[in-house]
1. Taking into account only those residues within the range 454-480 that are of a type in the set (Gly, Ala, Ser) and at pLDDT 95 or above, which is surrounded by the fewest Cβ atoms within 10 Å (Cβ to Cβ)?
2. Please go through the range 149-166 and pick out each residue that is part of a helix (DSSP H, G or I) and either of a type in the set (Val, Ile, Thr) or closer than 20 Å to Leu210 by Cβ (or both).
3. Of all residues being among the acidic types (Asp, Glu) and assigned to a loop (DSSP other than H, G, I, E, B) in the range 190-220, which is least open to solvent (accessible area, probe 1.4 Å)? Just the residue, please.
4. How about the range 356-369: which of its residues are farther than 21 Å from Trp449 by Cβ, out of contact with any Leu (no Cβ under 9 Å at 6 or more places or on another chain) and touching a residue at least 12 places away in the same chain (Cβ under 8 Å)?
5. Every residue in the range 122-180 that is among the β-branched types (Val, Ile, Thr) and surrounded by 20 or more Cβ atoms within 10 Å (Cβ to Cβ), please.
6. What are the pairs, 6+ residues apart or on separate chains, where a residue within the range 128-139 that is on the phi > 0 side of the Ramachandran plot has its Cβ under 9 Å from a residue that is among the acidic types (Asp, Glu) and modelled with pLDDT of 95 or more?
7. Does Asn323 meet the test of being open to solvent by less than 10 Å² (accessible area, probe 1.4 Å) and either of a type in the set (Gly, Ala, Ser) or out of contact with any Gly (no Cβ under 7 Å at 6 or more places or on another chain) (or both)?
8. Considering the range 481-514 alone, what residues qualify as being basic (Lys, Arg) and open to solvent by 20 Å² or more (accessible area, probe 1.4 Å)?
Amino acid sequence: MTALKKIKTNYIALFSKYTFLNPPFIGGRSKSPSLGRGAGGVVFSSKIIVLLAFIAVSCTKDFEAINTNPNSPVSVQPSLLLRQVIYDYGEQMSYEGFTAGNLLGQYTTALDFNLFDRHNLKSPQLGGNPWPIFYQNLRDNELILDQATSTETFAVYEGPSRILKAYMAAALTDLFGDVPYSEAFKGQNTTVTPSYDDQAAIYTGENGVLDQLNKGITAIENYTGTIALEGDILFNGDLNGWIRFANSLKIKYLIRLSGKMEVASQLQTIYTNGNYIQENEQNAIFNFTDGAPNNFRLARLRIGDFNNFVQSETIEDILKNLNDPRIAKLFRPYSNSTSGDDFNGLLNGIDATQNAVTLADYSLTGSIFRENTSQLDANFMTSMETHFLLAEAAEKGFINANAKELYEQGVTQAFDYWQVALPSTYLTSSAAYDTSGQEAIKQIITQKWIANMINGYEGWIEYRRTGFPELRTISASLNNDIIPVRMPYPAEEAALNSVNYTIAAEKTNGNSINAKVWWDKE
């Protein structure tokens with residue numbers, strides 16, 4: 001043992017032997033110019049105090065290194081964080097999309113615990129509180145981006161982390177409108193009460209959604225390192241997959257903002273280059289399994305919670321009018337059906353306290369959402385959605401392309417995605433494209449809405465933007481028979497970020513669910 005270690009050991013032993021009950025100083029001064037008295041009558045001379053001061057300085061010299069637990073690292077490898085962010089966001093938002101988004105989009109309705117289905121969105125029950133999901137994963141993703149831009153070894157993660165940031169931030173602002181963005185996601189490095197950014201700036205400003213996508217693509221194209229992208233459960237490390245994903249997202253967001261800005265030239269460039277998600281094999285998805293822990297969360301809930309969700313009358317009529325066989329994939333025949341293979345939906349938003357509903361009279365959701373969830377994906381972006389967006393762009397004259405062909409390609413890929421055979425006459429009969437243009441946009445959006453049942457929030461967002469499909473006035477509305485057009489800020493914001501929340505609430509008529517977001521305002 002070295003001399004210094006011996007001194008430290010003796011110092012620790014001395015101080016552990018006594019408990020200091022009385023201060024050695026009175027009024028800020030020692031009782032004696034050279035003496036300090038400890039508890040129990042122990043007297044320390046000035047020489048001892050100087051020695052102890054020296055030892056204390058010596059002890060703090062390597063304090064951080066000595067007191068760092070090697071089994072509890074202060075930073076996490078970006079590969080582990082990337083896997084965690086992709087899985088956590090995809091798993092949680094798939095559940096949210098089913099339990100809450102599907103109610104807003106009128107894919108399903110709730111028999112009980114249904115204040116949310118009746119449009120009291122400030123009372124989330126089995127779902128309806130995605131705010132913490134966004135901020136937790138955006139925060140973790142920011143750690144990846146910080147490491148990627150500060151450490152050359154991790155540079156390969158810059159592009160994917162920027163693209164994920166754009167994707168999650170866009171989904172966040174589409175639901176809520178103005179939200180904390182530029183001052184958020186930094187954790188301990190910045191304010192815990194971030195201001196709210198305008199949605200226009202979140203989308204179009206520097207380091208906003210579109211800028212992050214462009215920077216993400218550039219980072220990938222400029223990457224010359226040899227280190228592989230690990231933890232990537234979307235594309236298995238394929239950086240070209242991330243570029244296609246980013247370009248499909250640019251198509252999506254440019255269409256979403258087309259009522260507020262000129263988008264034709266950018267859309268035409270992306271379409272002409274063709275480097276977007278074109279086939280189902282290129283989809284930005286990861287698969288659930290049939291068994292825990294990686295199955296769809298509805299499969300892990302008690303049967304009563306799962307059976308709370310039945311077919312909405314809205315989707316029942318749309319699928320039946322199209323003679324669409326996907327109805328048997330997305331839903332089950334109701335038990336009291338005399339034929340044994342019929343489907344029955346319920347109008348959204350019943351008052352469960354006034355109306356007794358017999359479960360056997362309505363169609364539950366399909367087995368893919370519970371027993372066979374390996375057939376289900378966490379869906380970030382797909383070829384079918386990309387083609388429907390391009391069909392809309394072509395129909396509106398934003399790109400020079402054949403809208404009918406793009407629409408039919410989207411429908412074909414949607415049937416393949418849901419593993420249902422496309423009837424040979426479907427695209428020439430009930431779902432034939434209206435080349436006159438009068439019903440074309442409605443057809444495109446309706447087909448995209450059907451295909452996106454696993455992304456219920458997305459169906460609701462597109463309804464807000466386009467008015468299609470035509471959702472119904474619900475049975476017992478708690479919002480004056482008005483279909484909401486934004487999610488309310490959660491109560492936690494009013495409590496924990498009150499000043500900035502108050503400003504944002506004032507801009508939304510008191511945090512009203514009827515206040516349109518920026519891109520939705522006429």
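The values are calculated or read from the model by the stated rules, or taken from the named source; none is laboratory data. Everything numeric here is computed off the predicted structure, so don't read it as measured data. Note that each Cβ is placed from the backbone with ideal geometry, even for glycine, and that neighbours are counted across all protein chains shown. Quick note on the areas: whole protein, heavy atoms, side chains included, nothing else; ligands and nucleic acids left out. Shrake-Rupley method; radii C 1.70, N 1.55, O 1.52, S 1.80 Å.
1. Per the criteria, the residue is Gly467.
2. Thr149, Thr153, Val156, Glu158, Gly159, Pro160, Ser161, Arg162, Ile163, Leu164, Lys165, Ala166
3. Asp198
4. Passing the criteria: Thr358, Ala360, Ser367.
5. Ile144, Val156, Ile163, Thr173, Val179
6. Gly128/Glu96
7. Answer is no for this residue.
8. If the condition is that a residue be basic (Lys, Arg) and open to solvent by 20 Å² or more (accessible area, probe 1.4 Å), then Lys507 is the only one that fits.
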